Number of protein chains: 2
Amino acid sequence: MAPSRAVTVALDGHGAEQGFDVLAEGARLAAAGGVGVRVFGPERALDLGGAEGIEVIDTAESIGNDEDPVLAVRARKEASVVRAAADVAAGNSAALISCGSTGAAMAAATFGLRRLQGVQRPALAVQLPVPGKPVLFLDVGANVEVRAQHLVQFAFLGAAFSAAVLEVEGPSVGLLTVGEESGKGREEVVEAHRLLGKAPGIRFAGSVEGRDLPAASVDVVVTDGFTGNVALKLLEGTAKAVAAAVGDAARSNPIAAVGGLLLKPALDGLRRELHPDTTGGAILLGLRGIAVVGHGSSGAEGIANAIRLAARCAEVDAVGRTAALLAEGGAGRGALAGDGA
Amino acid sequence: MAPSRAVTVALDGHGAEQGFDVLAEGARLAAAGGVGVRVFGPERALDLGGAEGIEVIDTAESIGNDEDPVLAVRARKEASVVRAAADVAAGNSAALISCGSTGAAMAAATFGLRRLQGVQRPALAVQLPVPGKPVLFLDVGANVEVRAQHLVQFAFLGAAFSAAVLEVEGPSVGLLTVGEESGKGREEVVEAHRLLGKAPGIRFAGSVEGRDLPAASVDVVVTDGFTGNVALKLLEGTAKAVAAAVGDAARSNPIAAVGGLLLKPALDGLRRELHPDTTGGAILLGLRGIAVVGHGSSGAEGIANAIRLAARCAEVDAVGRTAALLAEGGAGRGALAGDGA
């Protein structure tokens, strides 16, 4: 059935590691909440016929994790993620969501939706799954090597998104770096620190160390895509390992087991807070359209959250407001235009 | 009283954030276990007169965290960490331990103890404070920028230390990198992967992602000092934040509180396992002498553990065995001599 909702999004119907059933269930959950979903995937396997607010555009082809994403996206116009991105570009949908190959999703979004004026490098941002206040963290994998100017751009992109979508007023931005062990850190980080320190239009809060990330006092933390990717996955892995170790501790003897049972409801809330699915995935910032990359391993709730995040970005006109914030005054524009670095 | 112990080490008597009392107590704990300790610090403040196995060499001067470590170490021969390193170089002590400025400790060790033949860049290694099997992780801050050849050296240094000191037979080595998000990762990492894949004399296990680090199936994980420093501190910070959140959960209601009490003894073991102090600090690998850098924030037990780690390295002749393992066959030598990269 064709969606007639306030916001309609385009969902890549391939790539969810838990299978088509789980992907379909995620779409159903999001549609039940009022989002229109156009799913580009195999009609039969998805079995979404008649689901309210959902339209399936039968799409057999997909891009796998083992393919070169840029080559595959360029060559295969019929692949689900490429068709979904084209759907957004054509104005049929307001946002792209994929839980398949992150590389392919980034390539499809970048080619299909194009970059905002002045943006050299789109960056992948996530809300860190940490206890308490969520921190927007970027880049988590779009750019493994960066120059100082790119880090400055990430700061502007992150601050704009934080203000526009997360409704943080005057978001503060930190730059991830190392302690005194390494003297002054990487060259591009030192330079970015200098540039951000004098950039008007940004609330630069200085350096953030790895140890501060899980409980950062800033709203946005900026780093390169290599460090960011390692850090995000490490954070997720550590939270999981510690939660598992708490579980082991609770099974270590009968008294601890009773304790674990009594503590369980309170810990379940924490576990939910720490679970990567809760935040709905990563957003590719710096484009003229909205693109959300969900976890490949997401369950139905995680997929639904990715769809909801994308819909929310569309509802608040994240792209338009980001562009406006970037253009506001000479500061953002100057930093983004950069020195050609 | 002059130590007459199997192993005598040189302890920087300045720089412990918790103060001279805690540093002195750490020295006492280690000395009680049979290690001879020569402490280079302020005799009056340390108040170690008459402590068995401990000798204080009155040293007023110290290098702070706010100084340029290389310049300070070069200029100030009377600074405690420089004197302690000189004590090792002179053969009076078998290892250097400092809980002060990591940069100063690294500079003092590198200048004072010199590099092993063929080693271009000493690297800082730690045993990760994770549940279960400890993983040796390097570089955690000595080299913020590296070339492929340096990463290969780190693999050999880590494997040699793992075999010699941690008694791991045929240790496996992983290379920290990112997932498919970033295509093929940083250039130097891709090249190091290629070099390690064909290096005889090393059990290369391929790539390790951030999420695998807390429960790595390999014995040694290698990365650059920027990523490694961020990752180590993030791991420590996340473990701490999650542990704190578990505590909050246990205080959230009376039933959970009872559960928390019953679970406490089991969780205390885990907390100890995750605490950075447990592993005793970082070891600077690739030198002709032993240098251990403890956490500045260490308590007495953490300082004692740093001293014990250093003493253990001396007892098993970590340096000699590392040098021998590196020289063994053409592989290690070839990789270490490198291509001048």
Taking the conditions exactly as written (facing another protein chain (nearest Cβ under 9 Å) and in a loop (DSSP other than H, G, I, E, B)), does residue A:217 satisfy them or not?
no
Apart from one, (1) of a type in the set (Gly, Ala, Ser); (2) within 14 Å of chain A (Cβ to nearest Cβ); (3) open to solvent by 20 Å² or more (accessible area, probe 1.4 Å) all hold for residue B:294; the odd one out is (3)
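Got a sec? Which of B:205, B:192 is open to solvent by 20 Å² or more (accessible area, probe 1.4 Å) and either in contact with a strand residue (DSSP E or B) (Cβ under 9 Å, 6 or more places away or on another chain) or within 7 Å of chain A (Cβ to nearest Cβ) (or both)? Full working, then the answer.
Values: B:192 fails: open to solvent by 20 Å² or more (accessible area, probe 1.4 Å).
Result of the check over B:205, B:192: B:205.
Given the residues B:50, B:91, which is the only one that is more than 14 Å from every other protein chain (Cβ to nearest Cβ) and over 23 Å from residue B:299 (Cα atoms)? I'd like the intermediate steps shown before the answer.
Numbers: B:50 fails: over 23 Å from residue B:299 (Cα atoms).
That would be B:91, the only listed residue that is more than 14 Å from every other protein chain (Cβ to nearest Cβ) and over 23 Å from residue B:299 (Cα atoms).
If only one of B:134, B:122 is touching a strand residue (DSSP E or B) at 6+ places or on another chain (Cβ under 6 Å), within 16 Å of residue B:313 (Cβ to Cβ), within 14 Å of chain A (Cβ to nearest Cβ) and modelled with pLDDT under 90, which one is it?
Details: B:122 fails: modelled with pLDDT under 90.
Answer to the check: B:134.
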Report, by residue number, each residue of the stretch B:196-212 that is under 16 Å from residue B:162 (Cβ atoms) and in contact with a Leu (Cβ under 7 Å, 6 or more places away or on another chain).
B:196, B:202, B:204, B:208
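Among the listed residues B:121, B:147, which satisfies the condition of being of a type outside the set (A, V, I, L, M), closer than 24 Å to residue B:74 by Cβ and either in contact (Cβ under 8 Å) with a residue 60 or more places away in the chain or surrounded by 23 or more Cβ atoms within 10 Å (Cβ to Cβ) (or both)?
On the way: B:147 fails: closer than 24 Å to residue B:74 by Cβ.
The conditions single out B:121.
What about residue A:241, is it at pLDDT 75 or above, more than 8 Å from every other protein chain (Cβ to nearest Cβ) and either part of a helix (DSSP H, G or I) or open to solvent by less than 10 Å² (accessible area, probe 1.4 Å) (or both)?
On the way: at pLDDT 75 or above: yes; more than 8 Å from every other protein chain (Cβ to nearest Cβ): no; either part of a helix (DSSP H, G or I) or open to solvent by less than 10 Å² (accessible area, probe 1.4 Å) (or both): yes.
No.
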What number of residues within the stretch A:64-92 are surrounded by fewer than 15 Cβ atoms within 10 Å (Cβ to Cβ), assigned to a helix (DSSP H, G or I) and of a type in the set (D, E, K, R)?
1
Filtering the stretch B:93-108 down to residues that are farther than 23 Å from residue B:220 by Cα and outside any strand (DSSP E or B) yields B:93, B:94, B:99, B:100, B:101, B:103, B:104, B:105, B:107, B:108
Hey, residue B:211 open to solvent by 60 Å² or more (accessible area, probe 1.4 Å) and within 11 Å of chain A (Cβ to nearest Cβ) or not:
yes
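Which residues, taken from the stretch B:106-117, are under 14 Å from the mean Cα position of the chain (by Cα) and modelled with pLDDT under 95? Lay out the reasoning, then the answer.
Residues of the stretch B:106-117 under 14 Å from the mean Cα position of the chain (by Cα): B:106, B:109.
Correct list: B:106 only.
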Could you grab me the full set of residues in the stretch B:244-260 that are in a helix (DSSP H, G or I) and within 7 Å of another protein chain (Cβ to nearest Cβ)?
B:245, B:246, B:249, B:250, B:255, B:256, B:258, B:259, B:260
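So that you can scan it fast, the table gives a plain yes or no per residue for (1) at pLDDT below 90; (2) of a type in the set (Asp, Glu):
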residue	(1), (2)
A:179	yes, no
A:184	yes, no
A:189	no, no
A:196	no, no
A:204	no, no
A:215	yes, no
A:219	no, yes
A:224	no, yes
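The values are calculated or read from the model by the stated rules, or taken from the named source; none is laboratory data. None of these values were measured; they are calculated from a predicted model. No Cβ is skipped: glycine too gets one built from the backbone with ideal geometry, and neighbour counts run over all protein chains shown. Just the protein is used for accessible areas: all its heavy atoms, side chains included, with ligands, DNA and RNA removed. Shrake-Rupley method; radii C 1.70, N 1.55, O 1.52, S 1.80 Å.
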